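The values are calculated or read from the model by the stated rules, or taken from the named source; none is laboratory data. Just so it is clear, the structure is predicted and the values come from calculations on it, not from any experiment. Don't worry about glycine lacking a Cβ; one is built from the backbone with ideal geometry, like all the others, and counts go over all protein chains shown. Just so you know, the surface numbers come from the protein's heavy atoms only, side chains and all, with ligands and any DNA or RNA stripped out. Shrake-Rupley method; radii C 1.70, N 1.55, O 1.52, S 1.80 Å.
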Amino acid sequence: RISLEADAAYYAALRRDEQDLAAMQETLQAIRRLKRLNSNQEEDIEELRQQSNNFHMAIIRAAKNSVLQSVYVSLFDMLQVSRQYTFAHSTVSYNSLLAHEAIYEKILSGNAESARTCMAEHLTEARDVFVRSIVDEEQKP
């Protein structure tokens, strides 16, 4: 996933159009609104997950590569499992929002290498949170 989406962010920075930017911005606004609610209710957490998926999918579409999009869509169910862990904690989802905003800014400015780097860092952190969560679950009595 890290490699796939980091490359997507790279190409999105080079190929995005106004519609792509608007889609990303719309999801960021929805995530900000949900974070302001500071709710731990399951439906709000689920909405955060959905908006995160929408943001990542907007980047995949902005890369303008149908093969990349097909592969990403086929991985969707597995990605949902990791998002259940990464959006379960308020601090993690806030860090994710900051990462999404940084990625958006790099794509907006057309800085492809920085967009790739930001996405790779974001997904590496998400992977690490996911792994820690699994380990913590396994260590519970």
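Restricting attention to region 54-73, does a residue exist that is surrounded by 16 or more Cβ atoms within 10 Å (Cβ to Cβ), at pLDDT 80 or above and closer than 17 Å to PHE130 by Cβ? Checked against the condition, which is being surrounded by 16 or more Cβ atoms within 10 Å (Cβ to Cβ), at pLDDT 80 or above and closer than 17 Å to PHE130 by Cβ, region 54-73 yields at least one hit. For region 27-44, the tally of residues that are more than 14 Å from the chain's Cα centre (by Cα) and crowded, with 18+ Cβ neighbours inside 10 Å stands at 1. I'm checking my understanding of the structure. Among residues of region 1-25 that are touching a residue at least 12 places away in the same chain (Cβ under 8 Å) and of a type in the set (D, E, K, R), which one is least open to solvent (accessible area, probe 1.4 Å)? Per the stated criteria, the residue is GLU5.
In region 121-133, the condition of being among the aliphatic types (A, V, I, L, M), open to solvent by 30 Å² or more (accessible area, probe 1.4 Å) and at pLDDT below 90 is met by at least one residue. For region 79-88, the criterion of being among the aliphatic types (A, V, I, L, M), exposed (fewer than 15 other Cβ atoms within 10 Å of the Cβ) and either modelled with pLDDT under 85 or not in a helix (DSSP H, G or I) (or both) is met by at least one residue.
Taking the stated definitions as given, is ILE31 of a type in the set (Val, Ile, Thr) and over 17 Å from ALA115 (Cα atoms)? Judged against the criteria, ILE31 is a match.
Applying a threshold of 7 Å to beta carbon distances and a minimum spacing of six or more residues, or different chains, the list of pairs starting in region 120-141 at a residue that is more than 15 Å from LEU4 (Cα to Cα) and ending at one that is of a type in the set (Phe, Trp, Tyr) reads VAL129/TYR85; PHE130/TYR85; SER133/TYR85.
Here is the figure for region 34-75: residues that are aliphatic (A, V, I, L, M) and without any contact (Cβ under 8 Å) to a residue 24 or more places away in the chain total 5.
Restricting region 103-120 to residues that are open to solvent by 40 Å² or more (accessible area, probe 1.4 Å), assigned to a helix (DSSP H, G or I) and not charged (D, E, K, R), the residue that is farthest from ARG49 (Cα to Cα) is SER109.
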